[in-house]
1. What residues qualify as long-range amide H neighbours of G96, i.e. H under 5 Å apart, gap of 5 or more or another chain, H built at 1.01 Å from N?
2. Quick one: how many lysine pairs in region 1-104 have C-alpha atoms under 16 angstrom apart, if they're 8 or more apart or on different chains?
3. Want the number for K54 to N130: 0.36 nm per residue separation, take away the alpha-carbon distance, what's left?
4. For D77 and S21, what is the calculated FRET efficiency with R₀ set at 35 Å and r taken between the beta-carbons, to the nearest 0.05?
5. For every helix of n ≥ 4 consecutive DSSP H residues, a contribution of -39,500 (n - 2.57) applies; sum these over the chain, divide by its total residues, and give [θ] at 222 nm rounded to the nearest 500 deg cm²/dmol.
6. On average, how much accessible surface per residue is there in the chain, in Å², for a 1.4 Å probe, leaving out ligands, DNA and RNA?
7. What does the extension gain come out to for R47 and M142, with contour length at 0.36 nm per residue minus their alpha carbon separation?
8. Heavy atoms only, probe 1.4 Å: what % of the accessible area of the chain goes to carbon and sulfur, would you let me know?
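The values are calculated or read from the model by the stated rules, or taken from the named source; none is laboratory data. Just so it is clear, the structure is predicted and the values come from calculations on it, not from any experiment. Every residue, glycine as well, gets a Cβ built from its backbone with ideal geometry; the counts of neighbours run over all protein chains shown. Just the protein is used for accessible areas: all its heavy atoms, side chains included, with ligands, DNA and RNA removed. Shrake-Rupley method; radii C 1.70, N 1.55, O 1.52, S 1.80 Å.
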Amino acid sequence: PFERYCDVGCGEGYISDYLASKGFEVTGIDLSSNAIELAKRHSKTCRFIRMDWKDLPSLREKFDSIIDWRFFHEIIDVAERKKYAATVHKLLNKDGKYLSVAFSGQFKKWGTGKLRKSPVGIILYMPTNNDLEKLFGKRFAMIEKRTIKLPQRKVLGGVSSYFFFMQKR
């Protein structure tokens with residue numbers, strides 16, 4: 001059984017709170033102090049820390065599972081994406097699981113190329129399935145991968161996103 005979760009880019013903590021309600025010990029991290037304050041109001045059972053993902057090694061602990069729900073696509077620098085993959089791998093216990101749900105390169109409405117500007121003006125990395133396999137494939141074994149549609153304000157039918165569920169090698 002997987003008991004200790006880290007929710008990277010936890011935002012207001014809804015996923016963290018859900019996992020805690022199922023009996024898991026959850027640490028949520030986010031760079032936004034506003035998001036962390038809201039998360040702390042939503043859940044008294046999770047530990048929330050205002051932290052940049054780059055500082056994750058300072059936690060000096062291991063997790064059974066790490067989740068990033070719509071966070072990975074915010075890492076736009078190639079070298080930083082490689083560092084993130086290595087960091088996630090290092091923080092996981094033996095046979096730990098990693099789940100990433102990130103916008104896919106299939107969402108053409110936002111422009112062309114790997115980096116795209118979202119409707120609210122944020123630059124995002126829009127990976128292809130192949131990009132993700134290259135980045136994580138050496139460190140992780142794929143359990144499940146698929147494209148899903150996630151609800152998004154003002155986008156009829158949702159936003160195409162990659163669902164990658166992996167296990168540490």
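1. Amide H to amide H, under 5 Å and 5 or more residues apart or across chains, G96 pairs with K168.
2. Step by step, the pairs that qualify in region 1-104 add up to 9.
3. The span from K54 to N130 would gain 24.9 nm if fully extended.
4. 0.50
5. Helix-only estimate at 222 nm: -7000 deg cm²/dmol.
6. Counting only protein heavy atoms, the per-residue value for the chain is 55 Å².
7. 31.3 nm
8. Carbon plus sulfur share of accessible area: 53 percent.
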